[in-house]
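> Quick one: the structure is below, questions incoming.
Readers should treat all values here as calculations from the given coordinates under stated rules, not as data from a laboratory. Bear in mind the structure is a predicted one, so any value in this text is a computation, not a measurement. Here the Cβ positions follow ideal geometry from the backbone for every residue, glycine too, while neighbour counts run over all protein chains shown.
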Amino acid sequence: MGKNKIWIIVLGALVLWVFMSYNGMLTAGKKVDQSWADVEAAYQARADKSKGLAAIVKGAADFEQETLTAVIEARSKATGINISADNLTPENIAKFQEAQGQFSSALSRLMVVIERYPDLKAVQAYRDFQHEYTEMENAIKTARIDYNESATNYNIKIKRLPNGFYSSMLGFEEKAVFSANEGSEDAPEMEDLLKRD
C-alpha cells in the first residue's frame, strides 16, 4: 500500500472521528437545552398557580397588603427574567436563581400569613394550591437536578481531551449550573412555613 493511500485512510479516519465527536457534543448540548426548558416550565407552573392564589387573597378584607404586594412584585421579577439556552452563563443563572429565590421567599411568607385567616383557609382554591405547593417545589428541585446533571455532562464532554482543543472553535461554550440554596435539599412543608413566622 502506498504512502498516499495510508495518509488518505488516516485523514478519513480523523475526519470521521471529528464528525462523531462533534455529534456527541451537539447531542449533549441539546440535552442541556431540553433540561433548561424543563426548569423554566417548572418555575412557570408555580408562577401561574400563584397568580390564582394572589387573586383569592386580594379580595380578603383586612389582609396584609404589604405581603401580597411583595409576592406580586417578586412574581413579576421572576417571570421577567428569560434566559435562552444558548446564554446560560454563571451571571445569568445567578440572576435567575436570585429572582426565583425572592419569589419563593415571598410566596412562603404569604402562605404563612394566610394561615391566620380562617376564611381564606376555607377557600377551595387555596386548599388546592396548598396541596400542590410541595409538588411544585419538588418538580422545580427535580428539574434543577436534571439540568445540573446534563450541563455537567456537557461541560465535561466539551472540555475532555481531545474535544477541548477545538470545541470552542465549533461554538461549544461551557454552561453554568445552579448552586444549592441553603436548605434546598428539602422541599418546604406547610408546618415548616408556619414555624418561620
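> Using only Cα atoms, tell me the angle between helix 90-114 and the longest principal axis of the chain; keep it within 0 to 90° and round to the nearest 10.
It is inclined by approximately 20 degrees.
> Continuing with the same structure: Would you compute, from DSSP H runs of 4+ residues alone, the mean residue ellipticity of the chain at 222 nm, taking -39500 (n - 2.57) per run and dividing by the full residue count, rounded to the nearest 500?
-26000 deg cm²/dmol
> Also, quick follow-up: Which lysines, if any, have their Cα less than 20 Å from the Cα of residue 49, not counting same-chain residues under 8 positions apart?
58, 77, 121, 141
> Can I ask one more? Where Lys and Arg each count +1 and Asp and Glu each count -1, what net charge lies around residue 38 among other residues with Cβ under 11 Å from its Cβ? Let's see the in-between values first.
Values: positive: 31, 144; negative: 33, 40, 146.
Here the count lands on -1.
> Mean-square fluctuation check for the chain, GNM, Cα pairs under 10 Å: which of 119, 33, 146 is largest?
119
> Note the angle between two axes, namely the Cα long axis of helix 3-58 and the longest principal axis of the Cα atoms of the chain, as a number of degrees from 0 to 90, rounded to the nearest 10.
Helix 3-58 and the main axis of the chain meet at about 10 degrees.
> Once label points are set 7 Å from the Cα along Cα→Cβ at both residue 168 and residue 125, what is their separation, rounded to one decimal in nm?
My value for the distance between the label points is 5.2 nm.
> Now for a separate question. What's the extension gain from residue 156 to residue 73 if we count 0.36 nm per residue and subtract their Cα-Cα distance?
Gain in length upon complete extension: 26.1 nm.
> For region 79-164, which GluC sites (Glu not before Pro) pass both filters: DSSP loop (anything but H, G, I, E, B) and at most 16 other C-beta atoms within 10 Å?
115
> Quote to one decimal, in nm, the extra length available between residue 27 and residue 6 on full extension: 0.36 nm per residue of separation minus the C-alpha distance between them.
Here the answer is 4.4 nm.
> A follow-up question, please. Using a cut-off of 18 Å between alpha-carbon atoms, which lysines can reach residue 175, once sequence neighbours fewer than 8 places away in the same chain are excluded?
Within reach: 30, 31, 95, 157, 159.
> Please determine, in degrees from 0 to 90 and to the nearest 10, the orientation of helix 124-159 with respect to the longest principal axis defined by the Cα atoms of the chain, where the helix direction is its Cα long axis.
Helix 124-159 and the main axis of the chain meet at about 20 degrees.
> Within the set of other residues whose C-beta is less than 11 Å from the C-beta of residue 168, count the net charge using Lys and Arg as +1 and Asp and Glu as -1.
Numbers: positive: 159; negative: 173, 174.
Around residue 168, the surrounding residues sum to -1.
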